[in-house]
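Enquirer: Let me begin by handing over the structure; questions about it come next.
Read-outs: derived from the displayed coordinates by stated rules, not from any lab. This structure is a prediction, so every number in the text was calculated from the model and none was measured. Here the Cβ positions follow ideal geometry from the backbone for every residue, glycine too, while neighbour counts run over all protein chains shown.
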């Protein structure tokens, strides 16, 4: 289990994902593993996309595309991912995300596209 925490704000549809770094989150050279960075950004962007479609219903979405840029490394502390919906339509949402270290340092960015799944 990774152990991240997801917080949704129903008022504005924003999402925040935090993770307190532990040894299992680090790669062999002691920095936050890139796969975990991508996962945190996917989670925060996906929740933001879902809220973009409907804050009350929070519909299911799937990732169509997730492009991640790694900017800096994190070795310890808490990392926080946030995202903003940039637009879309009835079934597609475009979202930008950022991951920051405890000190506010930008660690990574993401651009993502999500598709709403209707049941």
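Enquirer: Fewest Cβ neighbours within 10 Å first, please rank 60, 53, 4 accordingly. Kindly include the intermediate steps, with their values, before the conclusion.
Expert: Details: 60 14, 53 22, 4 18.
Exposure proxy ranking, most exposed first: 60, 4, 53.
Enquirer: Can you show me the helix-derived [θ] at 222 nm for the chain, built from DSSP H runs with n ≥ 4 at -39,500 (n - 2.57) apiece and divided by the number of residues, rounded to the nearest 500. If you can, show how the numbers build up before the last one.
Expert: Working: 1 runs with 20 residues, N = 119.
Result for the chain: -6000 deg cm²/dmol, rounded to the nearest 500.
Enquirer: Against the longest alpha carbon principal axis of the chain, how many degrees, from 0 to 90 and to the nearest 10, is the axis of helix 34-53 turned?
Expert: Compared with the principal axis, the helix lies near 20 degrees.
Enquirer: What is the gain in length, in nm to one decimal, between residue 8 and residue 20 on full extension, counting 0.36 nm per residue of separation less the C-alpha to C-alpha distance?
Expert: Values: separation 12, 0.36 × 12 = 4.32 nm, distance 1.81 nm.
Full extension from residue 8 to residue 20 adds 2.5 nm.
Enquirer: In what order do 52, 94, 70 fall by count of nearby beta-carbon atoms within 10 Å, going from fewest to most?
Expert: Sorted ascending by nearby Cβ count, the order is 70, 94, 52.
Enquirer: Most exposed first by the Cβ proxy, i.e. fewest other Cβ within 10 Å, how do 106, 40 rank?
Expert: 106, 40
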